[in-house]
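First up is the structure itself, then whatever we jot down about it.
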Amino acid sequence: MREAHEVQVAHQAHEACEANGRGDQVMVVQWWSKRWARLRVAGEDGMTTAEYAVGTLAACALAAVLYKVVTSGAVSSALQALIVKALHASF
């Protein structure tokens with residue numbers, strides 16, 4: 001969507017410069033438009049990869065903490081007591 005908008009802006013600038021007889025400025029505007037579009041796309045790739053890496057690391061850390069908590073003696077005995085109580089419930 002952004003790229004289409006940038007192309008439209010570059011096209012409008014090209015038409016305006018051609019109407020005024022400034023062909024050199026058209027080339028400069030086109031070069032900057034293309035360069036800016038490439039930089040914006042390249043900048044997003046790295047951020048997306050970094051966000052996935054941090055998210056994966058956080059998920060692994062949370063899983064490790066939860067594993068330690070669930071396998072600890074106090075939580076394990078509490079879960080066993082809860083299960084035993086549920087199995088011996090009268091209806």
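We did not get these values from a lab; they are worked out from the coordinates using the rules stated. The structure displayed is predicted, hence computed values, not measured ones. Note that we place each Cβ from the backbone using ideal geometry, even for glycine, and neighbour counts take in every protein chain shown.
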**OP:** Treat each spin label as a single point 7 Å out from the Cα along the C-beta direction, and report the S72 to S90 distance in nm.
**Re:** 3.6 nm
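Determine, from the Cβ-Cβ distance of A61 and Q25 and an R0 of 41 Å, the FRET efficiency 1/(1 + (r/R0)^6), rounded to the nearest 0.05.
Calculated transfer efficiency: 0.15.
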